[in-house]
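Visitor: Starting off with a structure, shown below.
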Amino acid sequence: MLDLILTNKEGLVGDVKLKGSLGCSDHEMVEFRILRAARRAHSKLTTLDFRRADFGLFRDLLGRVPWDKALEGRGAQDRWLIFENHLLQAQEQCIPTKSKSSKTTKRPPWMNEELLGKVKQKKEAYRGWKQGQLSWEEYRETV
């Protein structure tokens, strides 16, 4: 007999019971409980809110930096780090952040606008096939 429950973490499964044969098979049904609270992964994304940004102050802050002195005698990597530091400080002061709305955080981060458009296109093609406006071949070409 070889009826297994495989997990990637020890202690994840408990209350394992064999529940009898499954039809004419020599396998038995295995009942078990997952010992972990069900939780939904929330991706809390914050983005820059450019609509409320103060670009005048942003320009002013970056304009006050004595770039010639700050970057003089330094290599490309050091210059980039100095520029990045000043840029991020100005960004922090001038561009507020906002949390993504709950509607957009329910979808995974990889589901971008391009993919949403393709899903919509697929659904429209399917609807067209169901209504007889497209042949199966035309539908499959679209998808």
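The values are calculated or read from the model by the stated rules, or taken from the named source; none is laboratory data. Remember, it's a predicted structure, so these values are computed and weren't measured experimentally. Methodologically, a virtual Cβ is constructed for each residue, glycine included, from the backbone with ideal geometry; neighbour enumeration extends over all protein chains shown.
Visitor: Under the condition of being in contact with a Phe, Trp or Tyr (Cβ under 9 Å, 6 or more places away or on another chain) and not aliphatic (A, V, I, L, M), which residue from the range 43-85 is farthest from residue 109 (Cα to Cα)?
Guide: Restricting to residues being in contact with a Phe, Trp or Tyr (Cβ under 9 Å, 6 or more places away or on another chain) and not aliphatic (A, V, I, L, M), the top hit is 67.
Visitor: Would a scan of the range 83-97 turn up a residue that is surrounded by 10 or more Cβ atoms within 10 Å (Cβ to Cβ), touching a residue at least 60 places away in the same chain (Cβ under 8 Å) and among the small types (Gly, Ala, Ser)?
Guide: no
Visitor: Could you list, in sequence order, all residues of the range 103-143 that are small (Gly, Ala, Ser) and surrounded by fewer than 12 Cβ atoms within 10 Å (Cβ to Cβ)?
Guide: Narrowing the range 103-143 to residues small (Gly, Ala, Ser): 117, 125, 128, 132, 135.
Listed by number, the residues that qualify are 117, 132, 135.
Visitor: Right, next: Of a type in the set (Asp, Glu), without any contact (Cβ under 8 Å) to a residue 60 or more places away in the chain and outside any helix (DSSP H, G or I): does that describe residue 26? Break it down into steps so the answer makes sense when it comes.
Guide: Numbers: of a type in the set (Asp, Glu): yes; without any contact (Cβ under 8 Å) to a residue 60 or more places away in the chain: yes; outside any helix (DSSP H, G or I): yes.
Against the criterion (of a type in the set (Asp, Glu), without any contact (Cβ under 8 Å) to a residue 60 or more places away in the chain and outside any helix (DSSP H, G or I)), residue 26 qualifies.
Visitor: To continue, here is another question. Grab the helices (runs of 4 or more DSSP H) fully contained in the range 63-143, keeping just those with 3 or more residues being farther than 19 Å from residue 47 by Cα and among the small types (Gly, Ala, Ser). I'd like the intermediate steps shown before the answer.
Guide: Values: elements: 67-71, 76-94, 102-105, 113-130, 136-142.
Passing ranges, in order: 113-130.
Visitor: Considering only residues that are among the hydroxyl-bearing types (Ser, Thr, Tyr) and surrounded by fewer than 11 Cβ atoms within 10 Å (Cβ to Cβ), look in the range 17-46 and name the one that is modelled with the lowest pLDDT.
Guide: So in the range 17-46, the residues among the hydroxyl-bearing types (Ser, Thr, Tyr) come out as 21, 25, 43, 46.
So of that shortlist, the ones also surrounded by fewer than 11 Cβ atoms within 10 Å (Cβ to Cβ) come out as 25, 46.
On the way: 25: 77, 46: 88.
Only one residue tops the list, namely 25.
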